[in-house]
1. Residue check, residue 58 against (1) surrounded by fewer than 21 Cβ atoms within 10 Å (Cβ to Cβ); (2) touching a strand residue (DSSP E or B) at 6+ places or on another chain (Cβ under 8 Å), all met but one. Which one?
2. As an exercise: evaluate residue 191 against (1) under 26 Å from residue 61 (Cβ atoms); (2) modelled with pLDDT under 90; (3) in contact with a strand residue (DSSP E or B) (Cβ under 7 Å, 6 or more places away or on another chain) and give the number of the one condition it does not meet.
3. Taking only region 188-198 into account, find how many residues are part of a loop (DSSP other than H, G, I, E, B) and in contact (Cβ under 8 Å) with a residue 24 or more places away in the chain.
4. From the residues in region 120-146 that are assigned to a loop (DSSP other than H, G, I, E, B) and out of contact with any strand residue (DSSP E or B) (no Cβ under 6 Å at 6 or more places or on another chain), which one is nearest to residue 173 (Cα to Cα)?
5. Looking at region 199-208 only, could you name the residues that are touching a residue at least 60 places away in the same chain (Cβ under 8 Å) and surrounded by fewer than 22 Cβ atoms within 10 Å (Cβ to Cβ)?
6. If we only count helices (runs of 4 or more DSSP H) wholly inside region 1-114, which ones have 3 or more residues that are at pLDDT below 50 and closer than 22 Å to residue 177 by Cα?
């Protein structure tokens, strides 16, 4: 656990210590308002800002690809979990232990699977430097990062991907193929999702469902 916590702590320091090299200091684009210190816009890399801006287009493409390849019934069976506009007000995820499962929708290239639903794993949400951290504790692909406030219906996740038997997450911004950015939304009573548009590997959109472990 120390490896994950150390990563998140370093990322949080990057929000308040200008000299910290863990998170690159990026100039705002002409289209953006100057980002507030500690906001996700002040922290995110340009590719991750683009992922967030294009979340709906990524999701539409993912669903279209999966449906075209015969997975419409599976998508419909998941209900609000895979409906792009299903977010409810108050997206805050309380600290605690969670069950989490990932659904990968849409294939990046020929021969890839257009719909893969995994079983349940363990996740944890914890207070971290005035924000919240989200860590997938089990499984071969494990997002690790921070949750930032955004608006009334979503928060923003920025983090990196642990793979296999790795014990320490790479620093955010140091490896574009490991960086992750997504939307944290509430979709029901005690039910949330992390939507990861345009992930680096395999799929067009990853959706991680979170429900309290207890």
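The values are calculated or read from the model by the stated rules, or taken from the named source; none is laboratory data. In this text, all values refer to a predicted model and were calculated from it rather than measured experimentally. Don't worry about glycine lacking a Cβ; one is built from the backbone with ideal geometry, like all the others, and counts go over all protein chains shown.
1. Single failed check for residue 58: (1).
2. Result: residue 191 fails condition (2) only.
3. Result for region 188-198: 1.
4. Here the answer is 129.
5. Selection gives 201, 202.
6. 2-16
Residue-by-condition table, conditions (1) at pLDDT 90 or above; (2) not in a strand (DSSP E or B):
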{"site": "158", "(1), (2)": "yes, no"}
{"site": "162", "(1), (2)": "no, no"}
{"site": "165", "(1), (2)": "no, yes"}
{"site": "169", "(1), (2)": "no, yes"}
{"site": "186", "(1), (2)": "yes, no"}
{"site": "201", "(1), (2)": "no, yes"}
{"site": "207", "(1), (2)": "yes, no"}
{"site": "210", "(1), (2)": "yes, no"}
